[in-house]
1. If the cut-off is a Cα-Cα distance under 15 Å, which aspartates and glutamates reach K138, setting aside same-chain residues fewer than 8 apart in sequence?
2. Using only alpha carbon pairs under 8 Å that are at least six residues apart, calculate the relative contact order of the chain and give it in whole percent.
3. Given a cut-off of 32 Å, name the pairs among K50/K182; K60/K142; K78/K226; K60/K298; K50/K298 whose C-alpha atoms lie farther apart than that in the structure shown.
4. Specify the residue with the greatest mean-square fluctuation among A158, A92, A106, computed from a Gaussian network of the chain linking alpha-carbon atoms under 10 Å apart.
5. Specify the inter-centroid distance of region 13-29 and region 156-173, based on alpha-carbon positions, in whole Å.
6. Give the residue from Q126, L231, G70 lying farthest towards the positive end of the charge dipole for the chain; charges sit on Cβ (+1 for Lys and Arg, -1 for Asp and Glu) and the dipole is referred to the Cα centre.
7. When you count, for each residue, the other Cβ atoms within 10 Å and take the mean per peptide, how do 228-234, 12-18 rank with the highest first?
8. What is the Rg over Rh value, at two decimals, for region 106-281, using alpha-carbon atoms and the Kirkwood definition of Rh?
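Every number here is computed from the coordinates shown, using simple stated rules; none is lab data. Computed from a prediction, not measured in an experiment: that's the story for all the values here. All Cβ positions, glycine included, derive from the backbone under ideal geometry; neighbour counts span all protein chains shown.
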Amino acid sequence: MNASTHKPVLIVTGNDLAPEALEMLRDFEIVYAGRTPTESDLVTLCSAHKPTAIIVRYGKINARVMDACGGQLQVISKHGSGIDVIDQSAAAERGIAVRAAAGANAAAVAEHTWALILACANSVPQLDGRMRAGHWDKSTHKSLELAGRTIGLVGLGAIGRRVAAAASAFDMRVLAHDPYAKEAPDGVSLVGLDDLFASADIVSLHCPLTDENRQMINAATLARFKRGAILVNTARGGLIDEVALAAALSNGQLLAAGLDSFDVEPMPSPHVFQGLSNAILSPHIGGVSDAAYVNMGKGAAANVLAVVDSHAHSAA
């Protein structure tokens, strides 16, 4: 008999984990679900393997997937910080712990946020396309200079604070809205959401998606933005009413938007954003850097070990 059959099973909803994470999880039998696991795929895998733990990279974990584990599942651990893909109420009802690798990809997401801000402010993709088509737009182009401008951050967690620090280095005024923040770093002013929307030249989203803030960026809120503002989203696509955003980009209410996440992922094609030259798009890769891949894997593994160890001690 293979000794691995005696190990507890851990399902990874993806194709791989960082070697450093696999070393931490050497006492588990690792089963990979693939890069695009459907609900049915996960139910079948969980029914067959009865996992003790699931590390979530792709896809969603709902009650049906949890119940397929036959009561063995102790922890659902996110390979990253966004646990909205896990049905947290269903997990709580079943006594299953839900954990996030908080902060593991903060540097990567903050850096990508700035890549999108600068690309929007300086028209980087558009100018590159024009150059490749044989144009030289020096006499007609003007970038949006950031020094002296105001950036508004919705969410002041690990990512938002890094974005704020860089904004200060750019000599920007920094506003933030975060109902859970008890204090703000030097140079950051906590304000109400309406004040932030009305005052900011750049609005950048860094909050989790909840039932309360779904489509917080909509026709009504976009109308409160300064005309010609920039919107950047490296958080969750569900925060934005995409039809309303497309209208604001088309009619000049917004100068540009830098978007790394979408209401439906992968983003459907065709999509209204594909026809808007002032929408700069990336495929939810803000947290996917060389270092973040390792950090998220190790963080997810550590969360699995902490919960499973606690179960073992309480059982003993």
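1. Those aspartates and glutamates meeting the cut-off are D128.
2. Details: 604 pairs, mean separation 56.3, N = 316.
Relative contact order for the chain comes out at 18 percent.
3. Details: K50/K182 42 Å; K60/K142 43 Å; K78/K226 36 Å; K60/K298 21 Å; K50/K298 23 Å.
Where the Cα-Cα span goes over 32 Å, the pairs concerned are K50/K182; K60/K142; K78/K226.
4. In this elastic network of the chain, the residue with the biggest mean-square fluctuation among A158, A92, A106 is A92.
5. So the separation of the two Cα centres works out to 34 Å.
6. Q126
7. Working: 228-234: 24.3, 12-18: 20.1.
Going from most to least packed, we get 228-234, 12-18.
8. Values: Rg = 15.7 Å, Rh = 16.4 Å.
When Rh is taken as the Kirkwood radius, the ratio is 0.96.
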